[in-house]
Amino acid sequence: MAFGDQPAYLRVAGDLRQKIVAGELPPHTRLPSQARIREQYGVSDTVALEARKVLMAEGLVEGRSGSGTYVREQPVPRAVVRTGYRALGDSTPFRQEQADERVGGTWESRSEQGMADAAIARRLRITPGDRVMRTHYLFRSAGEPVMLSTSWEPLTVTGRTPVMLPEEGPLAGRGVVERMAAIDLVVDNVTEEVGARPGLAEETLALGGVPGHCVLVVSRTYFAGGCPVETADVVMLAERYRVAYHLPVK
């Protein structure tokens, strides 16, 4: 579609977007009012409103109650470093999810027993309805929410063992590799798939993002001798983070 063939609201949004990117409308600047947009571009109120909606959906502007619409300060994306399988010694769950040794982190967690749905059962190669230990994490770096993670471990593997609860017991918080080694399971492989989707409201709220914006999802599964022993979904805001892989050459 040629530029001139675009709907009027997209042409207006595109021009305002260019001004934001170029710095003509810097962060925290009030976006021209609907009336001003209508006059400046010679469009209707409906077109002006739709153009503002586009910029808001893209995360370039935000509405402030009783004040108007303002240009958002855009975060500079930071790398979340992944290195795949790591040997014993990289102990904490934060290190399991963020391998950059310069980054310190804390986490909150809660575990509960549940039943595997069809998708999780397929990833763990168990039967839907089988019991799993589900653990939810919120990871922070320098006090700032970085990522969410939900992990599932089959209780046929960890049930009635000292490592049944990932964050309790003698190996609390030691990470999947070391915990599985304690029950004589050697983790020898890990797979990860990275995708993107619109963030759920509760996810973006927990991560300090804008509802409806995209999140990156890293779906990871640990294997011991070809048998899945843990699978997890790691969620982070797409506008703030990039997933970087450091993989050894064999």
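For the chain, the dipole from Cβ point charges (+1 on Lys and Arg, -1 on Asp and Glu) about the Cα centre works out to 320 debye, to the nearest 20. Full extension of the chain between Glu24 and Glu167 yields a length gain of 46.5 nm, computed as 0.36 nm times the residue separation minus the alpha carbon distance. With the simple spin-label model, which puts each label point 7 Å out from Cα in the Cβ direction, the Asp188 to Glu58 separation comes to 5.1 nm. Each label was represented as a point 7 Å from its Cα along the Cα-to-Cβ direction; for Thr156 and Thr46 these points are 5.9 nm apart.
Using a simple spin-label model with pseudo-atoms 7 Å out from Cα toward Cβ, Arg122 and Arg140 lie 3.7 nm apart.
Using a 1.4 Å probe, what is the accessible area per residue for region 122-250, in Å²?
On the way: 6230 Å² over 129 residues.
I get 48 Å² per residue for region 122-250.
All other residues whose Cβ lies under 10 angstrom from that of Met115 are scored, Lys and Arg at +1 and Asp and Glu at -1, for a net of 0. Roughly speaking, to the nearest percent, how much of region 175-250's 1.4 Å accessible area is carbon and sulfur? Exposed carbon and sulfur together represent 60 percent of the surface.
Given R₀ = 25 Å, what would the calculated FRET efficiency be for Ala206 paired with Glu73, taking r from the Cβ atoms and rounding to 0.05? Show your work: numbers first, answer last.
On the way: r = 20 Å, r/R0 = 0.82.
With R0 = 25 Å, the Cβ-Cβ based efficiency is 0.75.
Note that the chain shows a convex hull volume over its alpha carbon atoms of 183 Å³ per residue. Entry note, the chain: relative contact order of 17 percent, from Cα contacts under 8 Å with a spacing of 6+ residues.
The values are calculated or read from the model by the stated rules, or taken from the named source; none is laboratory data. This is a predicted model, so every value here is computed, not measured. Virtual Cβ from ideal backbone geometry, glycine too; neighbours counted across all protein chains shown. We work out accessible area using only protein heavy atoms, side chains counted, and drop any ligands, DNA or RNA first. Shrake-Rupley method; radii C 1.70, N 1.55, O 1.52, S 1.80 Å.
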